[in-house]
Amino acid sequence: MKYVFQFLRILACCFLGEVLRGLLPLPIPASIYGLALLLAALKAGLVRLEQVKETAGFLLAVFPLLFVPGAAGIMELGPVLAASWLPVALAVALVTVLVMAAAGRVTQAVSRRKAARHG
């Protein structure tokens, strides 16, 4: 029963994300709103980590399976991608480098802030 309540807490944040997406005129997906709401609730102490930890861990474990349909769909686009493989490859490489750089910068900033706080 514990897992049901944990899932309901996560689902509530997802639902509120959908509500925000409908109310706010910003081009932000509802899932991002939901994640931000869950993070805010965790940081504010409205939700404790123990109240979502096991279910969140399970969802993260099965997360890669959600990409299988997308990968299968891309395989059907083989002839289309073959015609424009160079721009696609360049875009994927550029975006990969940008994401890695952004993730590295954020990690460094968080590490510095944490070290300064505990220094």
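Of note:
- Partners for Lys114 among lysines (Cα-Cα distance below 29 Å; same-chain residues under 8 apart left out): Lys43, Lys53
- With all pairs of separate Cα atoms included, the chain yields a Kirkwood hydrodynamic radius of 17.9 Å.
- Using C-alpha pairs under 8 Å with a sequence gap of at least 6, the mean separation divided by the residue count of the range 1-117 gives a relative contact order of 20 percent.
- Taking the longest Cα principal axis of the chain as reference, the axis of helix 2-23 is set at about 70 degrees.
- Taking amide H as placed 1.01 Å from N in the peptide plane, Val47 has its amide H under 5 Å from the amide H of Leu42, each at least 5 places away in sequence or on another chain.
- Proximal aspartates and glutamates relative to Lys2, as straight alpha-carbon distance under 17 Å, when same-chain residues fewer than 8 apart are discounted: Glu50, Glu54
- Rounded Å value of the spacing that divides the Cα centres of the range 47-119 and the range 22-41: 18
- When the helices of the chain are scored as -39500 (n - 2.57) per DSSP H run of n ≥ 4 and the total is divided over every residue, the value at 222 nm lands at -26500 deg cm²/dmol.
- Under 13 Å, Cβ to Cβ, from Arg9 - net charge with Lys/Arg +1 and Asp/Glu -1: +1
- Charge tally for Pro29 (other residues, Cβ to Cβ under 11 Å; Lys, Arg +1; Asp, Glu -1): 0.
Since every read-out is calculated from the coordinates, none of them should be taken as a lab result. Bear in mind that the values here come from a model prediction, so they are computed numbers and not experimental data. Don't worry about glycine lacking a Cβ; one is built from the backbone with ideal geometry, like all the others, and counts go over all protein chains shown.
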